[in-house]
Amino acid sequence: MSNKAYIQTDDLVKVYRLGNVEVQALRGLSMQVHQGEMVAIVGASGSGKTTLLNILGGITRATAGNTVVAGYDVTNASAVQLVALRREIVGHIFQELNLIPTLTAYENVELPMLAAKVDGGRRKARVEELLSIVGLEDRMKHKPDELSGGERQRVAIAAAIANDPKVLLCDEPTGDLDTETGSIIVEYLHKVNKEYGKTVIMVTHDPSVARQCDRIYRIRDGQIISVQSPTADSESEAVSRVDVIRERLTEIKAEIDRLDEQVKTGTIDLGVFAGRRTALTDRKKMFEEELHRLGL
Ligand SMILES: Nc1ncnc2c1ncn2[C@@H]1O[C@H](COP(=O)(O)OP(=O)(O)OP(=O)(O)O)[C@@H](O)[C@H]1O
Ligand SMILES: [Mg+2]
């Protein structure tokens, strides 16, 4: 287990059989996601994205291959263990939102906690906390058809994180929304990822949403065809930052040498010298620490 990534699939195969028709939805799909990452899954319709998410979430079983989610052996889990996985480890936002139309926003968020037998007092406090996390304190009594698409999506996020899962699976969370509303939803998902430390796997067809993730997995015909790290474009920014720091360090060292020379030749007041030298060495130390932080 120790050499496995936080979330890992190895050669996943999924064959759906309908009568004598076979669909190969996944054809040897391998991927790794690290704890705390937010990754996007992109690919054409029918490429296997939902199938992958459903296997990670313990809803569908793979035909072959191995799956580990947050240290949990999904491949060999019993039906009972898969229920526990769904209740305790993963939160799942489905492509067709699974909100119950007859229940209010409050009740929809409360539902997973009822399933997990959370006691009444804690439930109430948690529902209120969750609805405020997604900015819907004033929509508690609304039923899904009394909410906008973006609001419904936020209720689904609140319900998915109700039992404090380690991993959040989101299937097209911005699917039917306009760009503006979609970006609000993505903001909330980033918040869940960064502030609450959840590992997030999000299926999306929106390139601008995908680019905001740590990595993008591209699926075609049930296989990963590429992995991109859009935020690692900031790697080149990091490189230029290193250059700037090195340049500043060289300047500071030269200034210190000049000061030392001046004090030797008596062309500088000792008090002034002491103050400037301390200030310069402090800055030098700060820049050196920053270089150290950048792994240099
Ligand atoms: N329950 C099922 N029974 C039979 N075939 C299925 C089933 N679910 C999915 N498929 C087929 O498996 C393939 C992959 O479907 P999947 O839903 O994973 O695609 P997707 O990438 O999520 O597509 P979309 O972007 O349209 O949501 C498709 O060809 C689909 O028709
Ligand atoms: Mg899908």
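Here, each number is a calculation from the coordinates, and none is a lab measurement. Everything numeric in this text was worked out from a predicted model, so none of it was measured. Here Cβ is always computed from backbone atoms with ideal geometry, including for glycine, and neighbour counts include all displayed protein chains.
Taking the square roots of 5 times each eigenvalue of the Cα gyration tensor of the stretch 7-228, largest first, gives ellipsoid semi-axes of 28, 20, 16 Å. Specify which residue in the list THR50, ASN76, CYS170 is farthest towards the positive end of the charge dipole of the stretch 43-184, using unit charges on the beta carbon of Lys, Arg (+1) and Asp, Glu (-1), about the Cα centre. It is ASN76. Peptides 177-183, 60-66 ranked from most to least packed by the mean count of surrounding Cβ atoms within 10 Å: 60-66, 177-183. When only the Cβ of Lys, Arg, Asp and Glu is charged (+1, +1, -1, -1), the dipole of the chain relative to its Cα centre reaches about 740 debye.
Output the peptides 188-195, 72-79, 105-112 sorted from most to least packed, where packing is the average of other Cβ atoms within 10 Å over each peptide's residues.
105-112, 188-195, 72-79
Distance between the C-alpha centres of the stretch 122-154 and the stretch 28-65: 28 Å, rounded to the whole angstrom. Against the chain, whose longest principal axis comes from its Cα atoms, helix 234-264 is set at around 20 degrees. What does the charge count around ILE55 come to, taking other residues whose C-beta lies under 15 Å from its C-beta (Lys +1, Arg +1, Asp -1, Glu -1)? Neighbourhood net charge equals +1.
Within the shell of other residues whose beta carbon sits under 15 angstrom from the beta carbon of SER45, the net charge comes to -3, with Lys and Arg scored +1 and Asp and Glu -1. When only the Cβ of Lys, Arg, Asp and Glu is charged (+1, +1, -1, -1), the dipole of the stretch 235-293 relative to its Cα centre reaches about 200 debye.
Pairs from the table (LYS4/LYS166; LYS143/LYS166; LYS4/LYS117; LYS49/LYS191) lying more than 21 angstrom apart at Cα are LYS143/LYS166; LYS4/LYS117; LYS49/LYS191.
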